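Engineer: Before I ask anything, let me first share the structure, which is written out below as structure tokens.
What follows draws every value from the coordinates through simple rules; no lab data is involved. Treat the numbers as computed from the prediction; the structure is a model and nothing was measured. Please note: Cβ atoms are built from the backbone with ideal geometry, for glycine as well, and neighbour counts cover all protein chains shown.
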């Protein structure tokens, strides 16, 4: 294994005296390094766009988005998948995150798990991966065997494949139909890829899931109209989304929220089109679940 050529493993010339800095100076330098991440992601937007199109296509065919990675990369995928459920009202199966070593690896490193290509394949087999799905392999180093094994298997059955790495000319790029490579420079703390690399990955995962959900009608204007009101805060947010979408008052929003059985999107269509719950449901079906198509 040759790590010397990886940007993520190189020493950062701007932080060679890190242990001698005051807290204030360390903060300034860290913030300066973090600012480089968004600019690096911007350069990769042309590579990110086709991945989103592939994910939307998978969703429209009844397929899934599956992230897979090891360590920080895997945890970020699991996090993004979990957040899709309350934010967009989707089932836990629609967006899933796989981490090398399984659930226990979320908090404790599982020795050797990321080094197994076979494990990457087995985890996808256990999910009954199909050609309707999109698999996104995440690896800061760009060489994680677990991810390579998963992408290899996904390609073999015709699933769409993408990769996210934080090094150029990454090995996993050769195994993905849609490779994304980010170079944000060496880490603030040498080799600690939970820092700039993790931030870059999080920014990209935000784009993949959010814009894909927009592409299947989960958003009206800039409102989360399929939010799941699973707690008091989200119930209030749901009502205010209805108010913002329809320009109604709080009492009206509350009443239609109740009539729609806490279905925010349905309540909005009922108000915007002045129709019953059943009629609004039919309008959404005809409009392919896009509110804009019902008006």
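Engineer: Go ahead and set up a Gaussian network model of the chain, Cα springs under 10 Å, then flag whichever of 111, 49, 122 fluctuates most.
Structural biologist: Looking only at 111, 49, 122, the largest GNM fluctuation is found for 111.
Engineer: Summing -39500 (n - 2.57) over the DSSP H runs of n ≥ 4 in the chain and dividing by its residue number, what mean residue ellipticity at 222 nm do you reach, to the nearest 500 deg cm²/dmol?
Structural biologist: Value at 222 nm, helices only: -15500 deg cm²/dmol.
Engineer: Would you indicate which of (1) 0.95; (2) 1.08; (3) 1.13 is the value of Cα Rg over 2.2 N^0.38 Å derived from the coordinates of this structure?
Structural biologist: Recomputing Cα Rg over 2.2 N^0.38 Å here picks out (3).
Engineer: Can you tell me which of 62, 89, 191 moves the most in a GNM of the chain? Springs connect C-alpha atoms under 10 Å apart.
Structural biologist: In the Gaussian network model the winner is 62.
Engineer: Suppose R0 equals 35 Å; then what is the FRET efficiency for residue 49 and residue 108 from their Cβ-Cβ distance, rounded to the nearest 0.05?
Structural biologist: For R0 = 35 Å, the calculated efficiency reads 0.45.
Engineer: Using only Cα atoms, tell me the angle between helix 45-60 and the longest principal axis of the chain; keep it within 0 to 90° and round to the nearest 10.
Structural biologist: That helix lies at roughly 50 degrees to the long axis.
Engineer: Ok, one more. For the chain, what is the relative contact order in percent, using Cα pairs closer than 8 Å and at least 6 residues apart in sequence?
Structural biologist: Once divided by the residue count of the chain, the mean separation gives 19 percent.
Engineer: Follow-up. Return a whole-number percent for the relative contact order of region 187-244, with Cα pairs under 8 Å and 6 or more residues apart as the contact set.
Structural biologist: Dividing the mean separation by the residue count of region 187-244 yields 16 percent.
Engineer: Could I ask something else about it? Using alpha-carbon pairs under 8 Å, 6+ residues apart, how would you state the relative contact order of region 1-104 in percent?
Structural biologist: 19 percent
Engineer: Over the chain, with a Gaussian network built from C-alpha contacts below 10 Å, which listed residue (34, 249, 226) shows the highest mean-square fluctuation?
Structural biologist: Between 34, 249, 226, it is 249 that shows the largest mean-square fluctuation.
Engineer: Please figure out what share of the DSSP beta bridges in the chain is antiparallel and state it in percent, rounded to the nearest 5.
Structural biologist: 10 percent
Engineer: On a 0 to 90° scale, report how tilted helix 250-259 is relative to the longest principal axis of the chain, with both axes built from alpha carbons and the result rounded to the nearest 10.
Structural biologist: Helix 250-259 and the main axis of the chain meet at about 90 degrees.
Engineer: Principal axis lengths of region 1-117 from Cα atoms, whole Å, largest first?
Structural biologist: Ordered largest first, region 1-117 gives principal extents of 54, 35, 31 Å.
Engineer: Post the alpha-carbon centroid distance, region 179-230 to region 54-69, in whole angstrom.
Structural biologist: 15 Å
Engineer: Pull out the extension gain between residue 247 and residue 235, defined as 0.36 nm times the separation in residues minus the alpha carbon to alpha carbon distance; nm, one decimal.
Structural biologist: That pair, residue 247 and residue 235, stretches by 2.5 nm at full extension.
Engineer: Given 0.36 nm per residue, what is the gain on full extension from residue 262 to residue 189 after removing their alpha carbon distance, in nm?
Structural biologist: Gain on stretching residue 262 to residue 189: 21.6 nm.
Engineer: Related question: Enter the angle in degrees (range 0 to 90, nearest 10) between the Cα long axis of helix 23-43 and the first principal axis of the Cα atoms of the chain, meaning the one along which they spread out most.
Structural biologist: Long axis of 23-43 versus the principal axis of the chain: about 70 degrees.
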